[in-house]
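Report on the following structure.
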Protein chains: 2
Amino acid sequence: MNAALHQPELAPQIVAALRAVVGEGQFALHEPYFAGSEAAYVQECLQSTFVSSVGKFVDRFESQLAAFTGAKHVVAVVNGTAALQVALQLAGVRTGDEVLVPALTFAATSNAVAHCGAVPHFVESEEQTLGIDARALREYLSTIAERHSGVWVNRATRRVIRALVPMHTFGHPGDIDGLLGVARDFGLALVEDAAESLGSYYHGVHTGTFGLLGTLSFNGNKTITTGGGGAILTNDAQLGRRARHLTTTAKLPHRWEFRHDEVGYNYRLPNLNAALGCAQLEQLPVLLEAKRRLYFRYAASFGTVSSVRLMAEPAGSRSNYWLQTLLLDESVAEQRDDVLAATNDTGLMTRPVWVLNHRLPAFLGSPHMLLPVAESLERRIVNIPSSAQLALTP
Amino acid sequence: MNAALHQPELAPQIVAALRAVVGEGQFALHEPYFAGSEAAYVQECLQSTFVSSVGKFVDRFESQLAAFTGAKHVVAVVNGTAALQVALQLAGVRTGDEVLVPALTFAATSNAVAHCGAVPHFVESEEQTLGIDARALREYLSTIAERHSGVWVNRATRRVIRALVPMHTFGHPGDIDGLLGVARDFGLALVEDAAESLGSYYHGVHTGTFGLLGTLSFNGNKTITTGGGGAILTNDAQLGRRARHLTTTAKLPHRWEFRHDEVGYNYRLPNLNAALGCAQLEQLPVLLEAKRRLYFRYAASFGTVSSVRLMAEPAGSRSNYWLQTLLLDESVAEQRDDVLAATNDTGLMTRPVWVLNHRLPAFLGSPHMLLPVAESLERRIVNIPSSAQLALTP
């Protein structure tokens, strides 16, 4: 039980390093911060009575997101899961297809695939980015997939492998060039799950804009929040139109008639939530700067803690540092739960990474690669308090 | 084109009867009304920073809804479509099943069935309630369905007919006793789509609480709104727990671990929207009273317009009068579009009923009964301005 007898006792060192940065008190993992026009815009929205799926804040939020990310078309929706489900459908994912997703991700990535009637096929991660290992994936696909009349088929399951969904873990951009190459060579639609990476860039270009489509989340624990919310990004005008149509019940425009031309979804972001989002987006540059500052403070503080590495943005990328991440060395990984208990006990909220999705009961029947790196990361990751307000002042 | 040559010209009479009640100005079909604590609660929610899926307003909204409707268990979700989809899944609807729904309904009812991977099977309406004709349905099922190892199967399609979804059209309760009898005799789960009927009662009991599960909507056009929102109602404790679990990503409670035990949904209503809902629910009795008053004013005004009937609450029921409804006689049904044009042209928003769902492209392959009454109603219904604020003062 007690690893302290033969290993350096890590928990007190980590508590001390955290306290040196955040000071005394209780700290959540990530809390919203409303210091701009949040209250004013939400009041304006209520006064207009346009609180639902039509209103100027939804349009403005989409324009602001397009301007910020560089995506040509943005459709705001109720949350990131809904965004990813619709993006996958628009990318051609159909019942019985397989979709390549990292085993190391929040369950929503895999759920969105299941909501399309498709099967997640779990792939390996790399330690440098915490994202999908493009090289290992290429090698794997060369072995297990074969080409049949223009599509690639899983030789074992006979299902079409339709799409590839990188997820930019904790805001760190994955190996996008490598993954674009794999997608091209194996005929896969690339759909980026950028739920965690608003404000993260790969070679100067915003994450979520490299694939056919990309998706964002504005859940309460994200860098900015709309309460619940998400968005679909695309540079393809037709896909943008289709995304808007599908997420607004597929109703055809008419002065009074209610005619819908396909099975649609009630997924449009309410104007009330968009009002909050407009104000939050105005604050985003300040929040990103603070989160970066927090990274450097933690880096300085953890520099003296051996056996622990603070995750830095990958070379060539700029991360939003959504969740600050400690990577324990394998030699001390068995102390992870002691670290989690000690930090949470003293009011410093920390958490491990998600249970690898191939081990969730819903996905036990899903195919997966060998996942030694993902399994190692699962044992070693600890997220620490990451709110922007921990470092708002220089 | 012009029916006026051989029929009484209806449009000017209807415009006059509407103006006599609402006065001069532009009037939408249904607008939200925020006169209580809406602004205060939403501000309180923002100040707490708990705007997302956890917070006191979500819990309070659910308790208030339970108290108002009498449902033992209430789970607040992002909208009525999501509520119905999850309710159907909890009622046992699976891919390839058939679900009996009225052809005369908003597309969301049928979409929710499709989102479960099931097939809507469209059934006939009755003119007295605008809901499903229980007698015609019983006769139809006796002909087309047969019992196989405990379930009823559509003899033509060989699919299991799993559930029956009455929808309380424009807030008028359907023939619940008749439908409960059909559900019992044909082994169907009854799931009420009460999206339009918050505040409507059948024999003194709130709609949405008779079936295994029921669902509500708080979209911007409903009697009360949360921006976007809905709820699942049930008197079954286990179904209530399952509804909460499925709509919150099926995460198992744990101090820090992220383990999900089935494919879940991110459907929980954000606390921000629930804050609005708590204030709106406080206003609900006043709004219902005003909507009833508006009915009586319209009834007096339209009493002198021949060939038109204002829809009254069915015997034994109390309606919320969500949308006031004119029923044109068949003899003047061909003037419907003239009426729609004339009223909308003068700033009085009106609309016809939804296109019958069996004629929507997505559902052309779905089975349906003969639908003479639904088809007649489709030609003859005109909804007129129905906001509570049209009759707030006695």
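Just so it is clear, none of the values below were taken in a lab; they were calculated from the coordinates. Keep in mind the model is a prediction, meaning the values are calculated, not measured. Positions of Cβ are backbone-derived with ideal geometry, glycine not excepted, and every protein chain shown enters the neighbour counts.
Taking a point 7 Å out from the Cα of A:Arg159 in the direction of its Cβ, the residues of segment A:113-152 whose backbone N falls within less than 14 Å of it are A:113-123.
Fully extended, how many nm does the chain gain between B:Asp329 and B:Ala237 (0.36 nm per residue separation, minus their Cα-Cα distance)?
Contour length minus the Cα-Cα distance gives 28.5 nm.
With θ taken as phi - 60° and the Karplus curve 6.51 cos²θ - 1.76 cosθ + 1.60 applied, the whole-hertz 3J(HN,Hα) list for segment B:334-351 is 5, 8, 3, 5, 5, 5, 4, 5, 5, 5, 5, 4, 9, x, 9, 6, 9, 7 Hz, x standing for glycine and proline. Sorted shortest first, the distances from the A:Asp177 label point to those of the same residue in the other copies are 7.6 nm; each point sits 7 Å from Cα along Cα-to-Cβ. Estimated from helical segments only, the mean residue ellipticity of the protein assembly as shown at 222 nm is -11500 deg cm²/dmol, where each DSSP H run of four or more residues counts as -39500 (n - 2.57).
Label-point spacing at B:Ala35 relative to the other copies reads 4.1 nm, in ascending order, each point sitting 7 Å out from Cα along Cα→Cβ. Taking amide H atoms as placed 1.01 Å from N in the peptide plane, the amide H of A:Gly211 lies under 5 Å from those of A:Glu192, each 5 or more residues away in sequence or on another chain. Obtain the nm distance between the two label points defined at B:Ala66 and B:Asn344 by a simple spin-label model: each point lies 7 Å from its Cα along the Cα-to-C-beta direction. Simple spin-label model gives 4.4 nm for this pair. Spatial offset of segment B:279-356 relative to segment B:146-184 amounts to 29 Å, using the alpha carbon center of each.
Shown here for segment A:19-113: GluC sites (Glu not before Pro) in loop regions (DSSP other than H, G, I, E, B) with at most 14 other Cβ atoms within 10 Å, namely A:Glu24. FRET efficiency for B:Glu127 and B:Asp59, Cβ-Cβ distance as r, R0 = 41 Å, nearest 0.05? Efficiency computed from Cβ-Cβ geometry: 0.45.
For segment B:267-281, backbone phi angles converted through the Karplus equation (6.51, -1.76, 1.60; θ = phi - 60°) give residue-by-residue couplings of 10, 5, 5, x, 4, 4, 5, 5, 4, 4, x, 4, 5, 5, 5 Hz, Gly and Pro being listed as x.
Binning the alpha carbon pair distances of chain B at 10 angstrom intervals from zero yields the distribution 5, 23, 31, 25, 13, 3, 0, 0, expressed in whole percent.
When every Cα-Cα distance of segment A:38-130 is counted in 5 angstrom steps from zero, the calculated P(r) takes the values 3, 12, 15, 15, 15, 15, 11, 7, 5, 1, 0 percent.
DSSP beta bridges fully contained in the protein assembly as shown are about 65 percent antiparallel.
For the protein assembly as shown, divide the Cα radius of gyration by the Kirkwood radius and give the resulting Rg/Rh value with two decimals. We get a ratio of 1.00 for the protein assembly as shown.
The ranking of B:Glu146, A:Glu196 from fewest to most other beta carbons within 10 Å of each one's beta carbon is B:Glu146, A:Glu196. Across segment A:247-253, coupling constants 3J(HN,Hα) worked out from phi with the 6.51/-1.76/1.60 Karplus curve, θ = phi - 60°, read 8, 10, 6, 6, 7, 7, x Hz, and Gly and Pro carry x.
Separation of segment B:29-68 from segment B:107-134 is 31 Å, based on Cα centroids. Here segment A:72-102 and segment A:363-394 have alpha carbon centers that stand 22 Å from each other. Take every Cα-Cα pair in segment B:95-241 and report what % of them are more than 23 Å apart. That fraction is 32 percent. Among A:Gly131, A:Gly316, A:Gly211, whose mean-square fluctuation peaks in a Gaussian network model of chain A (Cα, cutoff 10 Å)? The residue with the greatest mean-square fluctuation here is A:Gly316.
Remark on B:Trp152: its backbone amide H falls under 5 Å from those of B:Ile161, a criterion applied only to residues 5 or more positions apart or on other chains, H modelled at 1.01 Å from N. Distances between equivalent label points of B:Asp337 across the copies, with each point positioned 7 Å along Cα→Cβ, amount to 7.1 nm, shortest listed first. Close amide H partners of A:His368, meaning residues 5 or more places away or on another chain with modelled amide H under 5 Å apart, are A:Phe122.
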